[in-house]
Every structure is written in C-alpha cells, then in structure tokens.
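Structure record follows, encoded as structure tokens.
The values are calculated or read from the model by the stated rules, or taken from the named source; none is laboratory data. Given the structure is predicted, the values throughout are model-derived calculations rather than measurements. Cβ coordinates were reconstructed from backbone atoms using ideal geometry, including for glycine residues, and neighbour counts include every protein chain displayed. These area figures cover heavy atoms from the full protein model, side chains too; ligands, DNA and RNA do not enter into them. Shrake-Rupley method; radii C 1.70, N 1.55, O 1.52, S 1.80 Å.
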Amino acid sequence: MNLTNFSTYYDFRSTLHTNRLVGLWRMMADFRPYYLLAAISLAVSAMAKTAGFFLLRYFADNVLAGTGSSLPFSLNLTQFLIAIALGFMGLALVEGGFAYFSGRLAAFTAEGVTRRLRNFLFDHIQRLNFSYHSKTKTGDLIERCTSDVDALRRFFSQQAIGVGRIILLFVVNFIALLSLHTGLAWFSIISLPFILLITVWFFKQITKRYEDYQEQEAVLSTTLQENLTGVRVVKAFANQNYEIGKFEKDNLEKFRRGKLLLITHSLYWPLSQFVLGIQLLAGYIFGALLTINAEITVGTYLAYSGMVIWLLWPIQNLGRLIVDTSAGMVSYTRIMAITKQIREPLSDGKVSPAGPLKGEIVFEDVSFKYSDGSAEVLNSISFKVKPGQTVALLGSTGSGKTSLVNLLPRFHEYSNGKIMLDGVDLKDYSRKYLRRQIGIVEQEPFLFSRSIRENISYGLGRDIRGDEIEAAAKAAAIHEDIISFPDGYSTLVGERGVTLSGGQKQRVTIARILLKNPRILIFDDSTSSVDMDTEAEIRAALNRLMEGRTTFIIAHRIQTVMNADLILVLNKGNIVQKGSHKELIVQKDSIYRQMFDIQTRIDEELEIEVSQAK
Ligand code: DCP
Ligand code: MG
C-alpha cells in the first residue's frame, strides 16, 4: 500500500451529484477496492468473534456438562483443555489481527481521498475568476478547505467502512443465532423497526443542527481572519472593544449552536441504549425459559448471551453511524459549493502567438460593469495607443482607472464594445498568453511570505540567476535597501522576516516585472505619499521599465504623467479629456488645467518653505 500508485490529483468535479450519498460514493473513486478489502477484513474479524461463541458452546456442552468420556482425537482432559485454550487464543489473534489490518486500510484510504481533495480544492480555487474571489469571504473558504475536508476524512476513515463492518457483524451474528434457535433469533431483533424510526428522526435533526453549526463556524473564522488582516485599522480607530464585543457575540452564537448539536447527539445514545437494554433483557428471559424447558442446552444459552450483544451492538452503532454521516454529508455539500464554480478558462482564446506582442491597443466604445454591481463603471471608452507609447490615466478616486486597466489581462469581461490588441480582438487571445505579455505593478502590491529573492523571481517559469535578480533590483532602485537587511536577498518578507514599506514593496514588484520583461506594462500608482527622493528614484526606475513597452500609468501627480503620449482624464467612468499635455494644458477651466494649477501652486509653496527653512 503506498500512494505512489495513485495520482495525487483527481478532478472532483466529476463527483458532483444531487444525492449526497452518491456523491460521497463517487469520491472514493480509485480507493473502492481498498474499502472492500477493509470491510472483508472486518468480516473475518467478526466471524472469528462469533466462532469463539460456538467454541464456548462446545466447551460448555461437551466438557462442563458432558461426561468427558468422549473426547476427540483420543486426547486426555488436560490436553483437551489446552487445545480449547489455544483455540480461543487463535481466534482472538485472528479477530485482532484483521481488525488492525482493516484499520490500516481505512487510514490509508481516508487520508488518500482527502489528500487528493485538498490538492484539488487548492488548484480549483486558484482557477476561479476574480468576481468569485471578490464576493467570497476568505475565512469561509478556509473553513471549507480545512474543517469540512476534515469532516470528510472522518467520514471516510470511520463511517464509510463502519457501514460494511456493522452490516457484516449483524448478518454473521444473526445467521449464527438462527442456527442456535430460530424463534430466539427473531425475538432478539423485535425492536429493530422502532430503533430505526428513532434513528431517522435524529439523523434529520442532527443534519440541520450541524449545518447551522458549520455556518456559524464560518462566520467566526471570517471575523477572525478580517480582524487579523485589518488589525491596523482596528487599532487606528481604537475600536478593539467593538471588535472584541462582536467576536464574543459570534462566539456565543457558535457556543449556542454547538451546545444544541451536542445535546441532540448525546440524547440519541442513552435513548437507543434504553430500548436495546430492554430488548436484551427480554431476550435473556426468553432464552432462560427455553433452557428451563430444555428446548436449548446450557451451552447454547451461554453462546446466545454472548452473541446477542454482538447482534444488538451493530444495530445501535448503525444508528450512530447514520447520525454521524450527516456531518460528512453537510461537508460534502459545502465543499461541492466551491467545486460547482465555473473555472476561468486560461486557454480559451484561439490566438496564442509564438512571439511577443507589438503592443498596439485600440479601445472602441468599451463599456463595463462588475458582475455584482448595478451601475456601469466604464462608459463608451475609445482611444488608440501605438506600440511603445505611454498612456496616462488621471481622475478622481473611483473614476474607473483600475477597472479600465484590469480589462487588458482579461481579469474581467467587458460587456460592450471592442478592445483590439495588435489588430486582434482581445477576447480571441488565450488568457494565459495575455498574462505572460502584460506586467502589472498593482495599486496595493502583494508579496509572499517568502524570501525577497523568491518574490522577485516569482512566476517567471524559468530558473533565474542571482546576478539577473540583482541587476533587476538595481534598476528598480531597491538593491541598496535589500542589502541593508540582515540576510540580504534571502531575507524573508512578512511575519518571520522584515516588513517592507509600501514604496519598497512597489519597487520589489518593479524588479519582478523587469525580469518578466512584458510587452505591455501597467503601473497603478496611488501611493503619492512617498518622499521626494524616493519618488524620484521610483520614477527613474519606472522610466527604465517603460522603455520600448506600451505602458499604462495611473498616477495622481501631473509631473509623473506630463511626458505621456496620451493622457486620459476620467470622471465617473467617462473620458472627459483626451490628448497630450500640450493639448490639454491650453484648455482653460478643464479638470486637467485645474489639477495642474493646484499642483504647481503647492509645489511652489513647498519650494518656498524649504528655501526659507534653509
Ligand atoms: N468597483 C466595483 N467592484 C470592484 C472594484 C470596483 O464595483 N471589484 C467599483 C468601485 C468604483 C468603480 O468600480 O465605483 C471604479 O473603481 P476603480 O477601482 O476602477 O477606481 P479607481 O482605480 O479610479 O480609484 P482609485 O484612484 O481610488 O484607485
Ligand atoms: Mg485604482
């Protein structure tokens, strides 16, 4: 048994089914033979136990009650007793050995299935589109990928095999009981329908309560995750008490739902115990009457009293099993809600040229709105860029600048109009190709908690030499900062390493894009809050980066955009001004002119202040 025989990835989309039990059955996929083997092992183990009771009967009737004269194989009494003892020991060994073997198989299959499931979910979630991610809470996703997967693991290691075990135990013992005394056997399961009724009722209750509980658990982990991510905001507003109160409220609700679930759960056990206890007692009395009337031997009665426990045990456990299965089924539904999501097709477009793009971009009447939004975010946007030119986007916050540039790598699909790239409709390109050709310095750069070296060489799909990384870092004006860190390029970013400033993160990203060497560059800069020196450095780094590429630059400072070939001024999703700096500056009372006037006035005042301070 080892996992190398199995691919560690399995497409769980094929397990989708409206009937959750069918879905769970499909999830077992390649592991079914192992489940069968595990169940058979348990059956062997169960039969060894039952055989023990037959041995007991033989011992009681032929040795204890009998004369001892007719011992087989001409053994004397001592030898015979030793043989019987060895028989019991052998059976115990078989029983235990096969139970262990079955346990191992169960562990192997359950861990195997859930390992695949985790791999699948990680892969699948990465492939879902932006709108899914923006409307889904991270805490909820994490919950489904951990706690719900774990519930399935328990289902596969215990319940899935438990069913086989319980049915086999029941069948084996019932047949054995029938061979002892038919009437007694039937009498022993007289309470079965009643037990089943109770079980079904509890199953429904527990499923519902478990659903409620998991839902609240997701709420709680979302609250936790958001507070950890946004801890700075919370502290900045000194809002800890409010957040702590909110968490306590959510936590109390989880406590309440958890309590309800457990109470229901723990009610089932004593209730079924009570019914089965009466059943057991009635069987013992009935059996005793049969023995007194000499319808069965004392040995048979002894065997019966042992065996009947192993007949009722499966009944009670089947109930518990069915009840526990509800957790697996609820988790199945929750995981399938993710699995159902349509993936963003990476290579749907037919066009995927072998070489790089030239970078000519034409927007014709493009309108766009977010799938979950009601209003248009962009309205009939039209403009044209030649290869290697620079387009600057200006406009107040929320005017649609980031939304516009995000259309280029096809992060979102626009509704009307057309975007042509090198004369080909953007929608005809495969997303994968487009994303290789476009480099983005995001508005809020994100770095992984890995070394700076890994962050710079991220996602390039080839081995990057150390000197290449250094050259890129130098060009991005971040090299000096990096070597001042304790471990240089090996310094970890984030919790276990250094914390980078916004400007430093941005420059690490610029270095990354320099190495990626895309034909189209998008620079979404809203951090106008860096100091003059850093800004000059970033601008120099950016100029190096822009050389020979079609560039989209979003900035708030006129100085940054003055040299652009085309400036687009956006307002509420519309282009209100379009042209070069020279053309726009002469338009009196325009937004551009106003921005220019205000910014130059501020700069002049600053200069005067600085010179006075000297
Ligand atoms: N919007 C949305 N859903 C998103 C992102 C944005 O509904 N996932 C909305 C919010 C704004 C509009 O779209 O009303 C434009 O948002 P942008 O992010 O494109 O705005 P800017 O980039 O121009 O703003 P800023 O300068 O603040 O970055
Ligand atoms: Mg933006």
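Brief remarks follow.
- Given charges at Cβ of Lys, Arg, Asp, Glu: the chain dipole, positive-most of PRO193, GLY349, ALA99: PRO193
- Among PHE203, ASN239, GLN443 the positive-end extreme of the charge dipole of the chain (Cβ point charges): PHE203
- Ligands, DNA and RNA aside, LYS386 has an accessible area near 130 Å² when probed at 1.4 Å.
- With all protein chains modelled, accessible area of GLU360 [1.4 Å, Å²]: 70 Å²
- Relative contact order [Cα under 8 Å, 6+ residues apart], the chain, whole percent: 14 percent
- Loop-located chymotrypsin sites (Phe, Trp or Tyr not before Pro) in the range 311-404 whose Cβ has at most 15 other Cβ within 10 Å (DSSP): TYR370
- Computed on the range 334-440, with alpha-carbon pairs under 8 angstrom and 6+ residues apart, the relative contact order is 37 percent.
- Looking at the range 218-323, the pairs of alpha carbons with a distance over 18 Å make up 68% of the total.
- Percentage of interatomic Cα-Cα distances in the range 10-339 larger than 37 Å: 36 percent
- For the chain, the Kirkwood hydrodynamic radius comes to 30.9 Å, computed from all pairs of different C-alpha atoms.
- Solvent-accessible area of PHE448 with every protein chain in place, 1.4 Å probe, in Å² to the nearest 10: 60 Å²
- Cα pair distances of the range 361-613 binned at 10 Å [whole percent]: 7, 28, 33, 23, 9, 1
- By accessible area with a 1.4 Å probe, ligands and nucleic acids excluded, highest first: order of VAL298, VAL44, VAL330: VAL298, VAL44, VAL330
- Cross-link pairs exceeding 22 Å in C-alpha to C-alpha distance, out of LYS208/LYS259; LYS401/LYS427; LYS135/LYS369; LYS235/LYS401; LYS235/LYS572; LYS369/LYS401, comprise LYS235/LYS401; LYS235/LYS572.
- Counting every alpha-carbon pair across the range 56-152, the share separated by more than 17 Å comes to 70%.
- Whichever aspartates and glutamates have a C-alpha closer than 13 Å to that of LYS474, once near sequence neighbours (fewer than 8 apart) are set aside: GLU537
- On a per residue basis, the chain carries 52 Å² of accessible surface, using protein heavy atoms and a 1.4 Å probe.
- Packing order of peptides 452-463, 592-603, highest average first: 452-463, 592-603 (average count of other Cβ atoms within 10 Å over each peptide's residues).
- Cross-link partners of LYS432 among lysines (Cα-Cα below 20 Å; sequence separation of 8 or more within a chain): LYS350, LYS358, LYS418, LYS516
- Around the Cα centre of the chain, unit charges on the Cβ atoms of Lys, Arg, Asp and Glu (plus for the first two, minus for the last two) sum to a dipole of about 1360 debye.
- Cα-based Kirkwood hydrodynamic radius, the range 304-457, one decimal, Å: 20.4 Å
- Amide H contacts of ILE553 (H built 1.01 Å from N, in plane; Pro and chain starts excluded): VAL391, ALA392, LEU393, PHE523 sit under 5 Å, all sequence-distant by 5 or more or on other chains.
- Fraction of antiparallel bridges per DSSP, the chain only, in percent to nearest 5: 50 percent
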